[in-house]
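Here is the structure we will look at.
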Amino acid sequence: MAQVILENIYKSFPGRKGERTVASSTAEPMLLPGDEAPVTTDKSSQLPGSINILRRINLTVKDGEFMVLVGPSGCGKSTLLRLIAGLETLTGGKIWVGEALVNDLPPKERDIAMVFQNYALYPHLTVYDNIAFGLRRTKSENEVEQSPQQVPPWLEKAVVGMTRSLPLGLRYLSDKEKAVDKQVRTVAQLLQIESLLNRLPKQLSGGQKQRVALGRAISRNPQVFLMDEPLSNLDAKLRAETRTQIVKLQRQLGTTTIYVTHDQTEAMTMGDRIAVMNQGQIQQLAPPLELYNHPANQFVAEFIGSPPMNFLPVQVKAPLLIQHPQFRLTLPEVWESVLQKYNGRTLTLGIRPEHLSIGVPAPKNLLVQVELVEALGNDTYLSVSLTETSTLQVRIPPDQVVRIGDRLWLSIAVDKIHLFDPQTAMAIQSESQG
Ligand SMILES: Nc1ncnc2c1ncn2[C@@H]1O[C@H](COP(=O)(O)OP(=O)(O)OP(=O)(O)O)[C@@H](O)[C@H]1O
Ligand SMILES: [Mg+2]
């Protein structure tokens, strides 16, 4: 088992005509003054014209931790995993796996198993042999205790080889093969693919292939698992089931895991901690509920939570009032010192759909018109217009009947509001949040 440390990781790819380049790049939203310049290890990708994909990534994944990387498509999640696995060269920075600096180690010496977004199975091997493949390669002969009355290794090898093409029950199994067999069957049972062991990859559905790929990684028992959207081809039910199984399995094995997804539900339910990424940078690193309750900036606030948080411009009037052309709200006292500081300024108010509810006519409430009703059975989501330009998402209990065109008064749960600085998009913390 091992921790993984990413120190000041940079990655650029050589650019193509017409693309945003290092020299012309203006999108450095979170780069702070005094940031270290990257230690360049790959000169070609630092040439003018190259495109910054990852910038200033610092992350320590603890021994045995389940770390989720989440972010929108193209933000650099797969690139980061491929760097850790050794499948891409770093432009700058250092990567440690356990005690070892692995910058210059080839993938196979990093003791890492990766499940790719586009899983690759050996097409000519059965499911069983696909899973067993890594085990046969990694487990050395002397790992298995030699029993005194053992057959000579050369003879055993020959018999194993001769019977390998026979159906499983008729094969000769050496002690090593017996250990492999046990491991393959345990993993197959965990992933519910026991009935598929004799099939070839071409005889499997996408979801089944994905589970085999997962099984192959798990069975190798590496120091670190890297998983890149391993559940993307599964249907909703199997996805939820496999999600639980992976988490359970990871707890049992205690293997440090870095798991990539763009699905925020997956991130929230699986991760010990989540690193939210955008445009090649980590926006926030925190346990799931902390991201939900205390997002560090507007991007995280919008990305975590479904439907996303609503944002409205409000004017601050100390000591505790915030005003919008349509409503005025008195905030709890924990906001007093903040509002004093921002008195007279415009801030962005953030409120989640689940923290709005249908209320009564009042100056503190919002008069809205219902544009869309999505009744899902367990919840109802409304899209409502506050003014001609701003639309809000609202979650209401399913027993409240609302129709398109209805005019409603919405009440804001004042203890659930968020405030952001419109210039920096950073969250403003109240006193209770420290
Ligand atoms: N070999 C490459 N050469 C040039 N650009 C690349 C290369 N590989 C990836 N990119 C670019 O790097 C960016 C990040 O890609 P990456 O695959 O890491 O995104 P991702 O976060 O995994 O997205 P997704 O959720 O869609 O899988 C993208 O803009 C992509 O076009
Ligand atoms: Mg990807």
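Odds and ends about this structure:
- Ellipsoid semi-axes for the chain, based on the Cα gyration tensor and the rule √(5λ), read 50, 28, 18 Å when sorted largest first.
- In plain terms, the chain from residue 120 to residue 175 could stretch by 16.9 nm, reckoned as 0.36 nm per residue minus the Cα-Cα distance.
- Farthest toward the positive end of the dipole of the chain, out of 165, 428, 105, is the Cα of 165, where the dipole comes from beta carbon charges about the Cα centre.
- Rounded FRET efficiency, nearest 0.05, which uses the C-beta distance separating residue 192 from residue 333 and R0 of 56 Å: 0.55
- Ranking 368, 122, 60 by Cα position along the charge dipole of the chain, where only Lys, Arg, Asp and Glu carry charges on their C-beta atoms, puts 122 farthest toward the positive end.
- Surface/4 estimate of mean projected area, convex hull on alpha-carbon atoms of region 127-270, nm²: 9.5 nm²
- Using the Cβ of residue 304 as centre and a radius below 14 Å, the other residues enclosed give a net charge of -3, where K and R count +1 and D and E count -1.
- Degrees separating the helix 153-163 axis from the principal Cα axis of the chain, which is the longest one: 70 degrees
- Cα-Cα pairs of region 307-433 separated by more than 20 Å (percent): 43 percent
- The listed peptides 398-410, 223-235, 245-257, 355-367, ordered by packing as a protection proxy, come out as 223-235, 245-257, 355-367, 398-410 (highest mean of other Cβ atoms within 10 Å first).
- 3J(HN,Hα) along region 259-274: 10, 9, 8, 10, 8, 5, 5, 4, 4, 5, 8, 9, x, 5, 9, 10 Hz, from the Karplus curve 6.51 cos²θ - 1.76 cosθ + 1.60 with θ = phi - 60°, whole Hz, x for Gly and Pro.
- Principal-axis tilt of helix 127-138 within the chain, Cα atoms, nearest 10 degrees: 80 degrees
- Packing-based exposure ordering (other Cβ within 10 Å, fewest first) of 426, 67: 426, 67
- Net charge of Cβ neighbours under 15 Å - reference residue 63; Lys, Arg +1; Asp, Glu -1: -1
- With at most 15 neighbouring Cβ atoms within 10 Å, loop GluC sites (Glu not before Pro) (DSSP) excluded, longest segment of the chain: 146-387
- Net charge, residue 431 excluded, C-beta distance under 14 Å - Lys, Arg +1, Asp, Glu -1: -2
Every number here is computed from the coordinates shown, using simple stated rules; none is lab data. Everything quoted here is computed from the prediction, not taken from an experiment. Ideal geometry is used to build each Cβ from the backbone, glycine not excepted, and the neighbour counts take in all protein chains shown.
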